[in-house]
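Structure, as structure tokens:
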Amino acid sequence: SIGHQVKDAVPNTVAVSPDGKKFAMAIRGLLYVSDAEGKYQHKLATPQNERVDEIVWGKDNNTLYYTRTNKGFTALYTLKADGSAAEKLLCKADCNIKSLKMSHKKEKIAFVQGNNAVMCIDLKDNSVAKLADAQFWSFNRYTLNFSFDDSYLAFEAMNLFERDIYLYSFKDKELHNL
């Protein structure tokens, strides 16, 4: 169970599994999984001295992808919600990884890395690619969205102190400022 010290805590992040039967949540930096009714709650094994931040589910309804601190900066990790596999580091940088966005087919995760890059991890082979150089202010979260067929990624970034919308084509590997 979640326990007395967090029973009244509000999760700072909640993600619903694709089948709608489970929740994953970060409460006070720790990672928990619960059934949809909240009857079963389980704390997953992550380092006690680090903080889980953002969470997204994989298409198998068992794999979690999340950011957590790694001696200061947030990095991208994966873990099985049923506890059958240990935490695995997928992407680490000398800056924060944030604004996770899962593709509709659940085959890619786009994210902002640091203050100047949009990245994408292909979940088939865990390869990470830089999609665009752009300016991101570190105290803000930014919106990234895949098109319905996952062939484009739209995102916000700063340009001359204003938010601009950019569109990246996975097919053409081209970036356009709208």
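The values are calculated or read from the model by the stated rules, or taken from the named source; none is laboratory data. No experiment lies behind these values; they were computed from the predicted model shown. Glycine gets a Cβ as well: all are built from the backbone with ideal geometry, and neighbour counts include every protein chain shown. Keep in mind that these areas ignore ligands, DNA and RNA; they rest on the heavy atoms of the full protein, side chains included. Shrake-Rupley method; radii C 1.70, N 1.55, O 1.52, S 1.80 Å.
For the reader, a short list of remarks on this structure follows.
- For region 66-107, filtering for residues that are more than 13 Å from L44 (Cα to Cα) and among the acidic types (D, E) leaves 2.
- Strands (runs of 3 or more DSSP E) completely within region 125-178 that count 2 or more residues being of a type in the set (S, T, Y) and open to solvent by less than 40 Å² (accessible area, probe 1.4 Å): 162-169
- The residue that is nearest to K59 (Cα to Cα), counting only those in region 9-27 that are of a type in the set (G, A, S) and in contact (Cβ under 8 Å) with a residue 40 or more places away in the chain, is S17.
- Just so you know, in region 100-115 the residues that are farther than 13 Å from A154 by Cα and of a type in the set (S, T, N, Q) include one that is modelled with the highest pLDDT, and it is Q113.
- Test: K105 is farther than 21 Å from H176 by Cα, of a type in the set (K, R), open to solvent by 10 Å² or more (accessible area, probe 1.4 Å) and out of contact with any strand residue (DSSP E or B) (no Cβ under 8 Å at 6 or more places or on another chain): yes
- Applying the condition of being part of a strand (DSSP E or B) and of a type in the set (A, V, I, L, M, F, W, C) to region 85-102 and asking which residue is surrounded by the fewest Cβ atoms within 10 Å (Cβ to Cβ) yields L89.
- Condition met for Y142 (touching a residue at least 24 places away in the same chain (Cβ under 8 Å) and not hydrophobic (A, V, I, L, M, F, W, C)): yes
- Residue within region 104-116 that is within 19 Å of T74 (Cα to Cα), in contact (Cβ under 8 Å) with a residue 40 or more places away in the chain and part of a loop (DSSP other than H, G, I, E, B) present: no
- Residues that are within 19 Å of L100 (Cβ to Cβ) and not hydrophobic (A, V, I, L, M, F, W, C), drawn from region 131-162: S138, N140, R141, Y142, T143, N145, S147, D150, Y152, E156
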